[in-house]
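First comes the structure, then the notes that go with it.
The values are calculated or read from the model by the stated rules, or taken from the named source; none is laboratory data. Since the structure is predicted, the reported quantities are computational estimates derived from the model, not experimental observations. For neighbour counting, all protein chains shown are included, and Cβ atoms are generated from backbone atoms with ideal geometry for every residue, glycine included. For accessibility, only protein heavy atoms count, side chains too; no ligands or nucleic acids. Shrake-Rupley method; radii C 1.70, N 1.55, O 1.52, S 1.80 Å.
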Amino acid sequence: MLIFTTASELSTALAAERSAGHRVGFVPTMGALHAGHASLVASSVASCDRTVVSVFVNPTQFNDGSDLDAYPRTPEADAELLRDAGCTHLYRPTIEDVYPAGTAAPSAAADLEYGALTTRLEGAHRPGHFEGVVQVVSRLLDIVRPHVLFLGQKDYQQVAVIRHMIGQLGLEVAVETVETVREADGLALSSRNRRLGEAERRAATVINRQLAGIVTGLNCGWPARELERLALAALRAHPLLEPEYVEVVDGDTLLPYQDGAPAREVVAATAVHAGSVRLIDNRTLRPPNP
Ligand code: PAF
């Protein structure tokens, strides 16, 4: 595994790979890697000749400075996991290397129209978050120029926003979404899980159970709004949990799903504080009455 700290050296190395006819897969991350990231890398290794992983805690997507400071950083363990998973090129840049003109420099990606994709759910609760995500992902795509971008389904809205950005900017990169990896008790793997205390960790299993309950309810024909209300109440009733939202939305528009409406995919999504740790998760289903 080659390790790069500058965009110029990485771009040069990858230009040679593309010229040699190698298919390049790219997995952007913020480090503190776990089995969910390993599964993204495995998907890339399975279909690409070279797998590039970036580890960069992007300051512009944190609306809360204390969340940025608390974000776990585990560079040695990350490199080991990536080597074992088959990553060929690791990019570990400084902030200046990613943003040579400063973090406030204009970004074509951030200036695009995203409509409800960035104003609802996470967008409503984390102002400026998606502007930072598209700013960094467009910059990383420009450096790496991959054939395929691999993203995790746990960040469902992020995938929708990035797909929209790629379409609007006309970038030639395929997007592959990789299923969420879960603990045996259903908790979605997240870099933030390592900040959970023992009691919070146990409490957090309620999140997946409520989402699974919504999916079952929808499949049985229960009204989406009622299921949201019940799940929200169940999460609120737990002394260690504080939900921000529970919503059943159309997977393409992210607008509230209307019972019985046709949709490619329906998503039950939530953000919940377990103590001081903010967790997100989602479950998808085919609409019960297409
Ligand atoms: O999902 C993440 O870890 C980040 O939002 C990403 C895509 C690496 C951009 O910083």
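Annotations for the structure displayed:
- Ellipsoid semi-axes for region 122-193, based on the Cα gyration tensor and the rule √(5λ), read 23, 16, 10 Å when sorted largest first.
- With all protein chains kept in place, the per residue accessible area of region 46-179 amounts to 44 square angstrom at a probe of 1.4 angstrom.
- Gaussian network model of the chain, Cα within-10 Å springs - most flexible of Ile162, Ile207, Ile95: Ile95
- Put simply, region 174-290 fits an ellipsoid with semi-axes of 25, 17, 11 Å; these come from the alpha carbon gyration tensor as the roots of five times its eigenvalues, largest first.
- Amide H contacts under 5 Å for Asn58: none, restricted to partners 5 or more places along the chain or on a different chain, H placed in the peptide plane at 1.01 Å from N.
- In the elastic network of the chain, a GNM with C-alpha springs shorter than 10 Å, the most mobile of Cys220, Cys87, Cys48 is Cys220.
- Among the GluC sites (Glu not before Pro) within region 136-210, those in coil by DSSP and having at most 10 neighbouring Cβ atoms inside 10 Å are Glu172.
- Here the chain carries DSSP beta bridges of which approximately 50% are antiparallel, counting only pairs with both residues inside.
- Global form of the chain, assessed from the alpha-carbon gyration tensor, a/c cut-off 1.5: prolate
- The peptide list 40-46, 107-113, put in order of mean Cβ contacts within 10 Å with the highest first, becomes 40-46, 107-113.
- Put simply, when 136-147, 120-131 are sorted by average Cβ atoms within 10 angstrom per residue, most first, you get 136-147, 120-131.
- Neighbours of Leu255 by Cβ distance under 14 Å: Lys/Arg scored +1, Asp/Glu scored -1, total -3.
- Here the accessible area of the chain is 52 percent carbon and sulfur, with a 1.4 angstrom probe and all protein chains present.
- Net charge in the neighbourhood of Pro223 (other residues with Cβ under 15 Å of its Cβ; Lys, Arg +1, Asp, Glu -1) is -2.
- Within the listed set Ala160, Ala199, Ala79, the Gaussian network model of the chain (springs between alpha-carbon atoms below 10 Å) gives the highest mean-square fluctuation for Ala199.
- Kirkwood Rh in Å, taken over all unlike Cα pairs in region 1-60: 12.4 Å
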